[in-house]
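Colleague: Handing you this structure, nothing more for now.
The values are calculated or read from the model by the stated rules, or taken from the named source; none is laboratory data. These figures come from a predicted structure and were not determined experimentally. No Cβ is skipped: glycine too gets one built from the backbone with ideal geometry, and neighbour counts run over all protein chains shown. The area values use the complete protein model at the heavy-atom level, side chains included, leaving out ligands, DNA and RNA. Shrake-Rupley method; radii C 1.70, N 1.55, O 1.52, S 1.80 Å.
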Amino acid sequence: MITDDRMPAGSSFPPLGPLVDRANHLVRSVAVPSLVQLALRIALAVPFWRSGVLKWAGFLQLNDTAVTLFSDEFMLHLPGGPYHFPAPAVMAFLSGCGEIMFPVLLILGLGTRFAALGLLFMTLIVELTVPDGWPIHLTWAAMALGIMAYGPGRISLDHLLCRLRSAHR
């Protein structure tokens, strides 16, 4: 807590310490940790979900564009490269599955840390594919790491399952 600095006699300004404390309390009441964790999960899930939805023509059926992207357009920018993706149909399928499953798990807060790890790995692959996109990729990586470090929060199935498990002991 901030100490109350005394103002000289006759000053019309209120002490700064209590004012800063009230402002700090107001900010902390808006940024409740569970709400912040939910917002992080949603913010990370949305771009991957939107990309994943575009890859599918039906249940477990990739559209032609998804495979074409991995075979003709996307390249891995590694030293000595760029290189074509190995097994483009398999890579498109795995990418499409991850971009749908991991965001759903994040939104539900189920297996949250593992879903965030999966999206962190996908972010690294995306960065190798589109190196000029590093500012947004860095943001995705920071969100994934935050979720992995601090967990899903109270607004999650993981939290509910932990409470149920501890109640049965």
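Table: residues versus (1) touching a Ser or Thr at 6+ places or on another chain (Cβ under 7 Å); (2) at pLDDT below 95; (3) under 30 Å from SER34 (Cβ atoms).
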| site | (1), (2), (3) |
| --- | --- |
| VAL53 | no, yes, yes |
| LEU62 | no, yes, no |
| GLY98 | no, no, yes |
| MET101 | no, no, yes |
| GLY133 | no, yes, no |
| GLY153 | yes, yes, yes |
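Colleague: Inspect all residues belonging to segment 68-91 and state whether any of them is touching a Gly at 6+ places or on another chain (Cβ under 8 Å) and among the small types (Gly, Ala, Ser).
Modeller: No: segment 68-91 contains no residue that is touching a Gly at 6+ places or on another chain (Cβ under 8 Å) and among the small types (Gly, Ala, Ser).
Colleague: If you check GLY17 against the conditions, is it surrounded by 12 or more Cβ atoms within 10 Å (Cβ to Cβ), in a helix (DSSP H, G or I) and modelled with pLDDT under 85?
Modeller: In short, yes.
Colleague: Can you give me the number of residues within segment 25-60 that are free of Cβ contacts under 8 Å to residues at least 12 places away in the same chain and surrounded by 11 or more Cβ atoms within 10 Å (Cβ to Cβ)?
Modeller: 4
Colleague: For the list (1) touching a helix residue (DSSP H, G or I) at 6+ places or on another chain (Cβ under 7 Å); (2) open to solvent by less than 80 Å² (accessible area, probe 1.4 Å); (3) hydrophobic (A, V, I, L, M, F, W, C); (4) under 15 Å from LEU44 (Cβ atoms), I need the number of the one condition that VAL104 fails.
Modeller: The failed condition is (1).
Colleague: Let me spell it out: the conditions are (1) on the phi > 0 side of the Ramachandran plot; (2) loosely packed, with under 13 Cβ neighbours inside 10 Å, and ARG169 meets all of them except one. Which number is the exception?
Modeller: (1)
Colleague: Going by what's in this entry, would THR65 be described as more than 21 Å from ILE136 (Cα to Cα) and among the hydroxyl-bearing types (Ser, Thr, Tyr)?
Modeller: yes
Colleague: Take THR112 and decide whether it is surrounded by 14 or more Cβ atoms within 10 Å (Cβ to Cβ), over 22 Å from GLN61 (Cβ atoms), free of Cβ contacts under 8 Å to residues at least 12 places away in the same chain and of a type in the set (Ser, Thr, Tyr).
Modeller: Criteria not met by THR112.
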